[in-house]
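One structure is given below, encoded as structure tokens.
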Amino acid sequence: MTDRATTREAELAEIRLQLEQERERLRHELMDLGPTASNGGRHDPSFHEHPTEHAGEMAEQERSMAIRKNLREMADQVDEALGRLQRGEYGRCRACSTEIAIERLRALPHATRCVPCKEAHRG
């Protein structure tokens, strides 16, 4: 095995650890938000209550639901990256198949495209 391949493997091992730590952090954040209500977190006002009486509570629940959705999406990206690592597909651009720069992977471990392809995809 070449020195470059050995170095790349060591760098990917560090990124795997980073991804595993991120997955654990996200799991804890989701747990800290508490369980979700069966009605989507919404308060069911009685007939005599005015909707504005619960506006603050409803806004907080909607905010919590949005945070939970974002955390789940981030966790999915981390899980997908860990799956690619396990299958030996990690670190290759999905668009052009070139190796994604290790600096990019360190900064954004769930990246699926190299910088040129990501910029072209945005445009």
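Any read-out appearing in this document is the output of simple, stated calculations on the displayed coordinates, not a laboratory observation. Every value quoted in this text rests on a predicted model; they were computed, and no experiment measured them. Here Cβ is always computed from backbone atoms with ideal geometry, including for glycine, and neighbour counts include all displayed protein chains.
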Please turn the phi angles of the stretch 22-29 into ³J(HN,Hα) values with the Karplus equation 6.51 cos²θ - 1.76 cosθ + 1.60 (θ = phi - 60°), one per residue in order, whole Hz, x for glycine and proline.
5, 4, 5, 4, 5, 4, 5, 4
Apply the Karplus curve 6.51 cos²θ - 1.76 cosθ + 1.60, θ = phi - 60°, to the phi angles in the stretch 97-108 and return the couplings in whole Hz, x for Gly and Pro.
6, 6, 6, 6, 4, 4, 4, 5, 5, 5, 6, 9
Between ARG92 and residues 5 or more places away or on another chain, which pairs have amide H atoms under 5 Å apart, with H built 1.01 Å from N, and which residues are they?
ILE100
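List LYS118, LYS69 from most exposed to least, where exposure is judged by having the fewest other Cβ atoms within 10 Å.
Details: LYS118 17, LYS69 10.
Going from least to most buried by this count: LYS69, LYS118.
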Can you tell me how much longer the chain between GLU80 and SER64 gets when fully stretched, taken as 0.36 nm per residue apart minus their C-alpha distance, in nm with one decimal?
3.3 nm
